[in-house]
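The next block holds one structure in the form of structure tokens; read it before the comments.
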Amino acid sequence: MVRPAIIEKLKRELQENITVERQVVYLLVEVRKLIESNQDGAKYKALKFCCDWVAHPVLKGTEAQNIVRQIDEFQRLTEAMSNLPSGQKLTVDTSFGGNTPQPRT
């Protein structure tokens, strides 16, 4: 009976305007409880990461580190794209496997 109680709390909170940080923290903590009670962590990896991060600013778990690596790779890609000279193309490994984007002519 935990899930219906969590869902009711989320519904009530989402009917309010979200204006302060504590509301976001509360919502994400409740969403995390729901993910855990449904055993949906593997299905909602990015959402679980955000829920974990709001409560634990230092994440050391394997799944969290994988997501951080993907975010780092995305940042490298967007920086490489924004630094390209006009007319130059970029060769990219879209698997987010850690390869640095390489300019090509």
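The values are calculated or read from the model by the stated rules, or taken from the named source; none is laboratory data. The model shown is predicted, which means the values in this text are computed figures rather than measured ones. Note that each Cβ is placed from the backbone with ideal geometry, even for glycine, and that neighbours are counted across all protein chains shown.
A few comments on the model shown:
- Close Cβ contacts (under 8 Å, 6 or more residues apart or on different chains) running from residues in segment 59-72 that are part of a loop (DSSP other than H, G, I, E, B) to residues that are surrounded by 12 or more Cβ atoms within 10 Å (Cβ to Cβ) and aromatic (Phe, Trp, Tyr) comprise Leu59/Phe49; Leu59/Trp53.
- Residue that is surrounded by the fewest Cβ atoms within 10 Å (Cβ to Cβ) [pool: residues in segment 73-94 that are of a type in the set (Ser, Thr, Tyr) and part of a loop (DSSP other than H, G, I, E, B)]: Ser86
- Residues that are in a loop (DSSP other than H, G, I, E, B) and closer than 22 Å to Pro4 by Cα within segment 19-49 comprise Gln39, Asp40, Gly41, Ala42, Lys43, Tyr44, listed in sequence order.
- Single residue of Leu59, Leu47, Leu14 found to be out of contact with any Pro (no Cβ under 7 Å at 6 or more places or on another chain) and modelled with pLDDT of 95 or more: Leu14
- Some residue of segment 27-40 being basic (Lys, Arg), touching a residue at least 24 places away in the same chain (Cβ under 8 Å) and surrounded by 11 or more Cβ atoms within 10 Å (Cβ to Cβ): yes
- Residue match in segment 2-9 (condition: surrounded by 10 or more Cβ atoms within 10 Å (Cβ to Cβ), assigned to a helix (DSSP H, G or I) and within 12 Å of the chain's Cα centre (by Cα)): no
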